[in-house]
Amino acid sequence: MHIEIDGVTEKLIQAGIASGRFRSAEDVIAEMARAWAASTAVSAAALPRLSPSTDIRALAAEQGIQPFDPHAAPPDFWPEDETCDEFLAFLHDVRHDVEPSRKQ
């Protein structure tokens, strides 16, 4: 199998080997896979499962969640001179907790 990785990942693998904790790149990758699988299992188990017959509107009302009213949003929510693509890039950055990629 051949896997392409970026420079940051390569440095992490090299640091794992240099630490003496792992004998090879394969050992580091196997541990990373085990850690990822464990974190995925925990987060997936923590999510509640809704039955297909769940009434989403009734559930939202029970939880006090109201529909989004665009007219109630602050008037300066997003600068008028910025494009939809810039807004989507902003949302992506916020959701992935990374440095903003919007042009300044």
Might you let me know whether the range 49-67 holds any residue that is on the phi > 0 side of the Ramachandran plot and either in contact (Cβ under 8 Å) with a residue 40 or more places away in the chain or not charged (D, E, K, R) (or both)? yes
* Asked: Is it true that E4 is of a type in the set (D, E), out of contact with any helix residue (DSSP H, G or I) (no Cβ under 6 Å at 6 or more places or on another chain) and at pLDDT 80 or above?
  -> yes
Residue hits (the range 1-44; under 21 Å from the mean Cα position of the chain (by Cα) and aliphatic (A, V, I, L, M)) are I5, V8, L12, I29, M32, A33, A35, A37, A38, A41, V42, A44
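The values are calculated or read from the model by the stated rules, or taken from the named source; none is laboratory data. In this text, all values refer to a predicted model and were calculated from it rather than measured experimentally. All Cβ positions, even for glycine, are placed from backbone atoms using ideal geometry, and neighbour counts span all protein chains on display.
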